[in-house]
Amino acid sequence: MGLQNRNISQPAHTEIRNRGNGVSTFLSGVAVLLSTLALGCSGYVAYEVFTLRQTLNVSNTVSSTIPTQVPSPTATTSPQATVSPSPASATTSAISAGQFVQPAFGKKAEVELLSAKRIKDPETGNRDVVNLQMRIRRLATDGVVDGDIISVASTTARNPETSVTYKGVAINRSTGSVSLFQVRPQASADAYIWLRVPDGVNNLDIFVPDTAAFKNVPISN
């Protein structure tokens with residue numbers, strides 16, 4: 001009977017001992033896991049500290065190598081002198097309205113110069129032609145006869161500096177003649193003539209037949 005009781009109690013002691021070994025194994029595993037986590041955390045912290053030091057070292061190096069910028073001196077521009085037009089260029093301005101008006105045939109009519117512009121000769125290509133345009137206005141209401149004719153084709157010009165006279169290019173390069181008798185009172189007729197004037201001449205004295213002279217007329221280009 002006593003032997004049977006011993007044999008029955010032996011498995012109970014074996015089960016308790018096996019349970020103790022299982023708990024010890026679990027605790028050992030937990031300890032190993034905690035040690036591994038602690039080692040990993042310490043390594044990560046060390047890496048972050050190392051990275052922070054490298055960043056600080058690079059920042060210090062860059063800041064120490066950047067030279068101090070010195071502001072460049074501001075360039076000052078000296079005022080430019082105003083260039084006044086020379087007398088030669090000033091005389092090449094266009095004729096303004098009413099600037100050159102002279103009586104013709106006494107007080108029967110008046111002649112107004114509209115423009116004196118230098119052009120190129122279409123045949124030679126030279127700029128030795130001045131296209132002179134004028135307006136002939138009849139003023140008289142009576143006393144005008146058939147012989148009151150202004151021969152525009154006979155208009156001449158003169159160099160005021162050298163007194164050289166210039167004539168028309170050709171008869172077909174002008175209006176020809178204007179008869180006051182055929183123009184109504186207070187009406188006008190436009191006319192033109194091409195004058196052969198050498199290039200470089202900027203002013204002319206103009207002589208229209210039976211009309212007072214026009215002095216120092218500018219040539220426009």
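Take the Cβ-Cβ distance between residue 115 and residue 142 as r, set R0 to 22 Å, and report the resulting FRET efficiency rounded to the nearest 0.05. Working shown, then result.
On the way: r = 32 Å, r/R0 = 1.46.
E between residue 115 and residue 142, to the nearest 0.05, is 0.10.
Each label point was placed 7 Å from the Cα along the Cα-to-Cβ direction; for residue 213 and residue 170 their separation is 3.0 nm.
For the range 164-214, carbon and sulfur atoms together expose 50% of the accessible surface, with a 1.4 angstrom probe and every protein chain in place. The tail of the calculated P(r) for the range 89-185, taken as Cα-Cα distances beyond 16 Å, holds 64 percent of the pairs.
The values are calculated or read from the model by the stated rules, or taken from the named source; none is laboratory data. Every value quoted in this text rests on a predicted model; they were computed, and no experiment measured them. Note that each Cβ is placed from the backbone with ideal geometry, even for glycine, and that neighbours are counted across all protein chains shown. Just the protein is used for accessible areas: all its heavy atoms, side chains included, with ligands, DNA and RNA removed. Shrake-Rupley method; radii C 1.70, N 1.55, O 1.52, S 1.80 Å.
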